[in-house]
Amino acid sequence: QFTAKAMGGTVSGKGTFDPKASKFDLTTKVEKVNLAEYFRYKSPLLADAVAGRIDADLTLSGAGKTWEALRPTLTGKGSALVMEGALLKVNVMQQIVTAIQAIPMVPPGFSAPMRAKNPQLFSENKTTFQKVNGKVTIPDGKIQAPDLKLVTPDFALDGAGWFAFGKDMD
């Protein structure tokens with residue numbers, strides 16, 4: 001078992017590890033960890049991509065002495081909630097309107113009334129949100145998220161997708 005204060009929050013869990021087989025199982029709980037601080041440490045390219053505090057529960061198991069051996073055996077499930085944060089350097093509403101505008105037969109001035117009534121939606125190169133949450137499963141070398149929800153002060157989006165450890169995504 002372990003508990004640690006980390007990046008403004010707490011990480012705790014329990015698990016087992018069999019060194020002879022390089023096999024493990026782990027159950028973790030993350031409470032109020034600052035994502036920007038985490039990414040600054042773990043993946044600096046993402047430090048400017050997302051902000052907020054995360055609560056998460058995750059169970060993982062797998063076996064392998066190297067990432068290449070571990071990757072196909074890795075399985076897990078869990079849920080996460082990111083509160084009062086932002087997707088930085090991306091305006092989700094702008095991306096949606098741009099995609100709709102590119103659909104054939106959508107009138108050229110489609111977004112003008114929306115922009116006039118809701119200038120705050122398009123004014124910044126970020127998307128501030130109240131929460132992002134969802135469940136995840138990890139089978140077959142993919143992280144699947146079947147029920148993602150993004151809630152902002154102005155709109156809400158539901159979605160689903162996956163990304164593979166080989167860096168493919170949908």
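The string of couplings for region 63-70 from the Karplus curve (6.51, -1.76, 1.60, θ = phi - 60°) is 8, x, 8, 10, 4, 4, 7, 6 Hz, one whole number per residue in order, with x for Gly and Pro.
Show that you can apply the helix-only estimate: for the chain, add -39,500 (n - 2.57) for every DSSP H stretch of four or more residues, divide by all residues, and state [θ] at 222 nm to the nearest 500. Walk me through the numbers before you get to the answer.
Values: 4 runs with 28 residues, N = 170.
Rounded to the nearest 500, the figure is -4000 deg cm²/dmol.
Accessible surface of ASP168, taken over heavy atoms with a 1.4 Å probe and every protein chain present, rounds to 100 Å². GNM on the chain, alpha-carbon springs under 10 angstrom: the most fluctuating residue among LYS29, LYS142, LYS42 is LYS42.
Semi-axes of region 49-139's equivalent ellipsoid from the Cα gyration tensor, sqrt of 5 times each eigenvalue, largest first, rounded to whole Å? Show your work: numbers first, answer last.
Values: eigenvalues 290, 63, 24 Å².
In descending order the semi-axes read 38, 18, 11 Å.
Order the peptides 84-90, 34-40 from the highest to the lowest mean number of other Cβ atoms within 10 Å of their residues.
On the way: 84-90: 15.7, 34-40: 17.9.
Highest-to-lowest ranking by the protection proxy: 34-40, 84-90.
Rolling a 1.4 Å probe over the protein heavy atoms gives the chain an accessible area of 65 Å² per residue.
At 25 °C and a viscosity of 0.890 mPa s, what translational diffusion coefficient does Stokes-Einstein give for the chain, taking Rh as the Kirkwood radius over Cα pairs? Give it in µm²/s as a whole number.
On the way: Rh = 18.3 Å.
Taking Rh from Cα pairs, D becomes 134 µm²/s.
Which loop-located chymotrypsin sites (Phe, Trp or Tyr not before Pro) does region 72-142 contain, where loop means any DSSP state but H, G, I, E or B and the Cβ has at most 14 other Cβ atoms within 10 Å? Of the chymotrypsin sites (Phe, Trp or Tyr not before Pro), the ones in loops of region 72-142 whose Cβ has at most 14 other Cβ atoms within 10 Å are PHE110, PHE122. Surface composition of the chain: carbon and sulfur atoms hold 60% of the protein heavy-atom accessible area at a 1.4 Å probe. Ranked by solvent-accessible area (1.4 Å probe, protein heavy atoms only, all chains present), the residues LYS14, LYS126, LYS5 order from largest to smallest as LYS5, LYS14, LYS126. The amide H of VAL50, built 1.01 Å from its N in the peptide plane, has LEU88 as neighbours under 5 Å, considering only residues 5 or more places off or on other chains.
Given a cut-off of 20 Å, what percent of all Cα-Cα pairs of region 24-85 lie beyond it? Write down the numbers at each step before the final one.
Working: 821 of 1891 pairs.
In whole percent, the share of Cα-Cα pairs in region 24-85 beyond 20 Å is 43.
The values are calculated or read from the model by the stated rules, or taken from the named source; none is laboratory data. Keep in mind the model is a prediction, meaning the values are calculated, not measured. Ideal geometry is used to build each Cβ from the backbone, glycine not excepted, and the neighbour counts take in all protein chains shown. Side chains included, ligands, DNA and RNA excluded: accessible areas come from the protein's heavy atoms. Shrake-Rupley method; radii C 1.70, N 1.55, O 1.52, S 1.80 Å.
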